[in-house]
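The values are calculated or read from the model by the stated rules, or taken from the named source; none is laboratory data. This is a predicted model, so every value here is computed, not measured. Neighbour counts are summed over all protein chains in view; Cβ atoms, including those assigned to glycine, are modelled from backbone coordinates with ideal geometry.
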Amino acid sequence: MTDALAVGVMSGTSLDGISTALVRWRDSAVELVAFRQEPYSSAERGAIIDAMARGTPKDLAFLHVALGERFAGAVLALLAQARVSPKDLSFVASHGQTIWHEPGRATLQLGDAAVLAERLGVRVVSDFRARDVAAGGQGAPLVPLADVMLFGHEQRGRWLLNIGGIANVTWVPRRGVPDGAFAFDTGPGVGVIDSVTRRIDPEATYDVGGERARRGRPVAKLLDELLADAYFDQPPPKSTGRERFGIEYA
């Protein structure tokens, strides 16, 4: 019988912050023990956006270490909240902060796993996207498996839509059955919405409650221009990122 504690660390393309989850595995069952969300400061978000747009090797190297420290601190805060010691963990899984993602060619995530390992004294698993791209994948290997395990129906299929910085959809035939499951990025999500919101109001980090969007009206000509992007006509499997749907697109 497997009985293990592990922590997952996630920072997505929305750049809203760092999510940490403490989970317990008992055989094939997964239990959420504790969860914590730490928002990025405006300075941190700005540094990441600058690194994406014009980062020098020095900028990227320093940010790589800084994010590693930030991720390690987030894990320690989660463990303190749950009253769990790092030595009780089997491993920490860190996705890293995506800086560049170009499927079929390269993907780069920052957040030095060596820093996490040293600060926590725990085995750290990372570079999921890079390994998947190296194997010929789209660089998003984990979401479909989690959707199958957590959100599938016992008897019928489900479509699951996640609107993150980039939106993605997963088809789950049945709960716990990965055969036949597939997923792909549908296009831009809240990353573009947040960027537009900040252009309207630099003090706002996002459109709280969708209030600004609710007051607006669709502009058909602009919508047609946006939907003319060739990405929307590409068949899955496919994935994308802020390189294509970022600040300039917004």
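Looking only at residues in the stretch 169-193 that are surrounded by 15 or more Cβ atoms within 10 Å (Cβ to Cβ) and touching a residue at least 60 places away in the same chain (Cβ under 8 Å), the one that is nearest to P236 (Cα to Cα) is P188. How many residues, within the stretch 123-145, are crowded, with 18+ Cβ neighbours inside 10 Å and under 27 Å from K87 (Cβ atoms)? Qualifying residue count for the region: 3. Only one of the numbered conditions (1) touching a Gly at 6+ places or on another chain (Cβ under 8 Å); (2) of a type outside the set (K, R); (3) in a strand (DSSP E or B) is violated by L108, and that is (1).
In contact with a strand residue (DSSP E or B) (Cβ under 8 Å, 6 or more places away or on another chain), of a type in the set (D, E, K, R), outside the structural domain of N162 (by TED's automatic domain parsing) and farther than 24 Å from A146 by Cα, is that true of R70? Judged against the criteria, R70 is a match. Considering V125, V84, the condition of being aliphatic (A, V, I, L, M) and over 19 Å from V143 (Cβ atoms) is satisfied by V84 alone.
When P237 is tested against (1) surrounded by 11 or more Cβ atoms within 10 Å (Cβ to Cβ); (2) closer than 18 Å to G137 by Cβ; (3) over 20 Å from the mean Cα position of the chain (by Cα), just one condition goes unmet, and that condition is (3). Filtered by the rule that a residue be without any contact (Cβ under 8 Å) to a residue 12 or more places away in the chain and either in a loop (DSSP other than H, G, I, E, B) or of a type in the set (G, A, S) (or both), the stretch 200-228 gives D201, P202, E203, A204, G209, G210, G216, R217, P218, V219, A220, A228.
Among the conditions (1) under 24 Å from G241 (Cβ atoms); (2) surrounded by 16 or more Cβ atoms within 10 Å (Cβ to Cβ), V7 misses just one, which is (1). Of the listed requirements (1) closer than 26 Å to M149 by Cβ; (2) in a helix (DSSP H, G or I); (3) of a type in the set (F, W, Y), W25 misses just one: (2).
The listed residues are R131, R123, and the only one of them that is over 14 Å from S11 (Cα atoms), over 15 Å from the mean Cα position of the chain (by Cα) and touching a residue at least 12 places away in the same chain (Cβ under 8 Å) turns out to be R123. Restricting attention to the stretch 88-95, does a residue exist that is of a type in the set (G, A, S), in a helix (DSSP H, G or I), within 15 Å of the chain's Cα centre (by Cα) and surrounded by fewer than 20 Cβ atoms within 10 Å (Cβ to Cβ)? No, that holds for no residue.
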